[in-house]
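S.K.: To start, I am sharing the structure in question, which I have written as C-alpha cells.
The values are calculated or read from the model by the stated rules, or taken from the named source; none is laboratory data. Source: prediction; values computed, not measured. Please note: Cβ atoms are built from the backbone with ideal geometry, for glycine as well, and neighbour counts cover all protein chains shown.
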Amino acid sequence: MPIDAFVTGAIETALNQLVKDDADSQRRLSRLRGKVISVTLNEFGKTLYFIFSQQIDVLAAYEGEVDCQLALNLSVLPELRQQANLTQLIKADKLSLEGDLQLAQHFSSLLSGLKPDIEEKLSHYSGDIVAHTMVRGVKSSGKFIQQRLLKRQQNLAQTLTEEWKLLPQPLEIAYFADQVDDLKSATACFEARLNQLLER
C-alpha cells in the first residue's frame, strides 16, 4: 500500500470517527459541505485535499477546483485548531492562505471541536479504573518530561550567559538597547542643530 494512501486513509478514518462521536462537530461539518480545502505541509512538499460532504474525504491528489488553499509548517498545525490564531498566523507568515478566509475559519472551528476522549475509548477495552489510571499516568509523565526539558533549557541559558559568558545577560541587553536609543536621540538632535546652522 503506498504511503500516501495509508496516511490519507488514517487521517480520514480518525476525523470521521471523531465527528461521528460529537453532535457539535457534525453541525460544524455541515457548514463545510460541498467545499474542498487543500493543506500543504511545507516540510514534506505534500498536499492533502479535504473534501466535505456527509463525511470528510481526505485525498493525496485532486483534479477539481479548490475553494481554499492553506500552506503551513507542521509545527503550526496545533495552532490551526484555534480559530482566533488564523489572522495572526497569516500576518506572521506562518500560514499562507489563498481563497475564502471564512472557509478556513470554519475548518479551524471543526478541528478545534475534535477532542477525542481517549479515556472513554480505553474504558471499553480495559474498564474505567484501568483507563483512568493509564490516562492520568501518561498525562503526568508528559508534564514531568516537559518540566525536565524546561529545566534543561534554563540551565543551558544560565551556563551560556553566566559561566561561559558566550551570551549577554538580559540586563546587559536592556542596557545596550537604552544606549542605542540615547545615541539615536543624540544623533537626531545633532542633525536638527546642523540643519539649523546650514540654513543660516
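S.K.: Could you check how many residues of the range 3-29 are charged (D, E, K, R) and within 16 Å of L48 (Cβ to Cβ)?
M.R.: Qualifying residue count, the range 3-29: 2.
S.K.: In the range 1-53, how many residues are farther than 13 Å from D67 by Cβ and either among the basic types (K, R) or buried (at least 19 other Cβ atoms within 10 Å of the Cβ) (or both)?
M.R.: 10
S.K.: Pick out, from the range 1-107, the helices (runs of 4 or more DSSP H) lying fully within it that include 1 or more residues that are modelled with pLDDT under 95 and closer than 25 Å to E120 by Cα.
M.R.: It comes to 3-20, 23-30, 77-80.
S.K.: Next question, about the same structure. Do you know which residues across the range 102-130 are among the aliphatic types (A, V, I, L, M), in contact with a helix residue (DSSP H, G or I) (Cβ under 7 Å, 6 or more places away or on another chain) and free of Cβ contacts under 8 Å to residues at least 60 places away in the same chain?
M.R.: Within the range 102-130, L111, I118, L122 qualify.
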